[in-house]
């Protein structure tokens, strides 16, 4: 059984027991999280439910840790003008362990 959820402007395919890294969510380690924006669900009988059929479906999980992503280097320059600038960026993200998919 798996579900496709949307959070933080991205879509994730999740199953119970999976650990996913999503855009930063409020809460500390161990806090329960519920995703209500479910786009599709595949049941144990390989039946795919989507649209109106998944209106009441919820995906529950718990925050494992708050972390930051890989460092990205951003380099800007303008030729012939002696302008160079290097900056780094690390995106905040949250590790969530999926515990269950609740069908309505």
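The values are calculated or read from the model by the stated rules, or taken from the named source; none is laboratory data. For clarity, every value in this text was computed on a predicted model and none was experimentally measured. We place every Cβ from the backbone using ideal geometry, glycine too, and count neighbours over all the protein chains shown.
Does the range 1-22 include one or more residues that are touching a residue at least 24 places away in the same chain (Cβ under 8 Å) and more than 18 Å from residue 97 (Cβ to Cβ)?
yes
Kindly indicate whether residue 66 is touching a residue at least 24 places away in the same chain (Cβ under 8 Å) and not in a loop (DSSP other than H, G, I, E, B).
yes
Identify, from the list 71, 81, the residue that is without any contact (Cβ under 8 Å) to a residue 60 or more places away in the chain and more than 23 Å from the chain's Cα centre (by Cα).
81
Can you find even one residue in the range 71-88 that is touching a strand residue (DSSP E or B) at 6+ places or on another chain (Cβ under 7 Å), modelled with pLDDT of 95 or more and surrounded by 12 or more Cβ atoms within 10 Å (Cβ to Cβ)?
no
Taking the options 33, 59, 41, 22, name whichever one is assigned to a strand (DSSP E or B), surrounded by 10 or more Cβ atoms within 10 Å (Cβ to Cβ) and in contact with a helix residue (DSSP H, G or I) (Cβ under 6 Å, 6 or more places away or on another chain).
41
Do you know which of the residues in the range 89-104 that are exposed (fewer than 13 other Cβ atoms within 10 Å of the Cβ) and without any contact (Cβ under 8 Å) to a residue 60 or more places away in the chain is nearest to the chain's Cα centre (by Cα)?
Residue satisfying both the conditions and the ranking: 90.
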